[in-house]
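All remarks here apply to the structure that follows.
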Amino acid sequence: MVIRFYGTRGSVAVANKETKKYGGNTTCLYVESNSGDAIVIDAGTGIRELGSHLVENKKNIIHLIFTHYHWDHIQGFPFFAPIFLDKTEIYIYGHKKDVTAKKALIYQMTKPYFPATLSEIPSNIVFKELEDRMKIGDLLIETIINNHPDYTYGLKFTEKKNSFAFLTDNELFAKNNNTSYKEFVDFLRGVNFFIHDAQYVDEIYEQRVGWGHSTHGQVMKLAKDTGVKNIIFTHHDHTSTDRFIDKILKDLRSKHPNINIQAAADGRTIILK
Ligand SMILES: [Zn+2]
Ligand SMILES: [Zn+2]
């Protein structure tokens, strides 16, 4: 399984020299199974670059999973090159708790916000419900409901002995929670690594309780309680510079020498063999 980050920024895209190292695109993750299944998670602005990669590599069958429909997870969709090719078959998975993926995309691609509507796109789009447990090729995908202002799902991918989880937009210790902290611990136990929202530092979090995001410190607690030794922070705040993220990593690595702590960066690839 190959995992590649195309967008790791939270809330809104940024483009300046202080954020070049970790990148400024909003959420998009690419997963390719050993047998070549192409799975895209979220359509933040990072999906634009991924689209060019998929066209170049002649990936005509694409699975796109939405964790939720906040702007920073859908706004790259109208710029995803494969949807404009009539040979593309795209399966779109999302929950239908309050709004379906189809409706969210129709709302986004409508005048005066965008000149082309969803129905004008030439690719063959099939909408599917995101199930608690489903398979794409040999990949098993399991979900958990995150704690976030609108329904949002965390995902766990397993292929043979390899597994990882991706929980973006999740407030681990939310007061009015959908899922308890213990349930997250149980969900993540045993994965090779997990990627988790760490948008805030403690001082900012105090002013943002209930906004649906976690702190680096809370994610470290999760690493300890699950026993997972490789963790990756994502959904970096749009105000966090490279220097700021590097300092957080340096401090936490010295406090937790037995845990491999990384920050997700646009363009970074992980290979699980
Ligand atoms: Zn987000
Ligand atoms: Zn969100």
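Between the helical axis of 216-226 and the longest alpha-carbon principal axis of the chain there is an angle of about 90 degrees. Ligands, DNA and RNA are left out, and with a 1.4 angstrom probe the accessible area of region 128-262 is 47 Å² per residue. What the phi angles of region 11-21 give under the Karplus curve with 6.51, -1.76 and 1.60, with θ = phi - 60°, is a coupling list of 6, 8, 6, 10, 9, 7, 6, 7, 10, 5, 5 Hz, glycine and proline written as x. Rounded to the nearest 10 degrees, what's the angle between the helix 47-56 long axis and the longest principal axis of the chain, both from Cα atoms, 0 to 90? Long axis of 47-56 versus the principal axis of the chain: about 60 degrees. A helix-only calculation puts the chain at -6000 deg cm²/dmol for mean residue ellipticity at 222 nm, using -39500 (n - 2.57) for each DSSP H run of at least four residues, averaged over all residues.
Note on Ser254: accessible area approximately 90 square angstrom, rounded to 10, probe 1.4 Å, nucleic acids and ligands left out. Based on protein heavy atoms only, region 1-119 ends up with 44 Å² per residue of surface accessible to a 1.4 Å probe.
Treating each Cα of region 2-271 as an identical point scatterer and summing with the Debye formula, the log10 of I(q)/I(0) at q = 0.07 Å⁻¹ comes to -0.23.
Past 24 Å, Cα to Cα, is the threshold; run Lys21/Lys224; Lys59/Lys102; Lys247/Lys273 against it and keep the listed order.
On the way: Lys21/Lys224 27 Å; Lys59/Lys102 22 Å; Lys247/Lys273 31 Å.
In this structure, Lys21/Lys224; Lys247/Lys273 exceed 24 Å between Cα atoms.
For the pair Asp98 and Glu206, a Förster radius of 35 Å applied to the C-beta separation gives a FRET efficiency near 0.75, rounded to the nearest 0.05.
About its Cα centre, the dipole of the chain is roughly 560 debye, where the only charges are +1 on Lys and Arg Cβ and -1 on Asp and Glu Cβ. If r is the Cβ-Cβ distance from Asp132 to Asn177 and R0 is 25 Å, what FRET efficiency results, to the nearest 0.05? After rounding, the FRET efficiency stands at 0.90. 3J(HN,Hα) along region 74-81, derived from phi through the Karplus expression 6.51 cos²θ - 1.76 cosθ + 1.60 where θ = phi - 60°, amounts to 10, 5, x, 3, x, 10, 8, 3 Hz, with x in place of Gly and Pro.
The values are calculated or read from the model by the stated rules, or taken from the named source; none is laboratory data. Every value quoted in this text rests on a predicted model; they were computed, and no experiment measured them. Positions of Cβ are backbone-derived with ideal geometry, glycine not excepted, and every protein chain shown enters the neighbour counts. Calculation scope for accessible area: heavy atoms of the full protein, side chains included, ligands and nucleic acids excluded. Shrake-Rupley method; radii C 1.70, N 1.55, O 1.52, S 1.80 Å.
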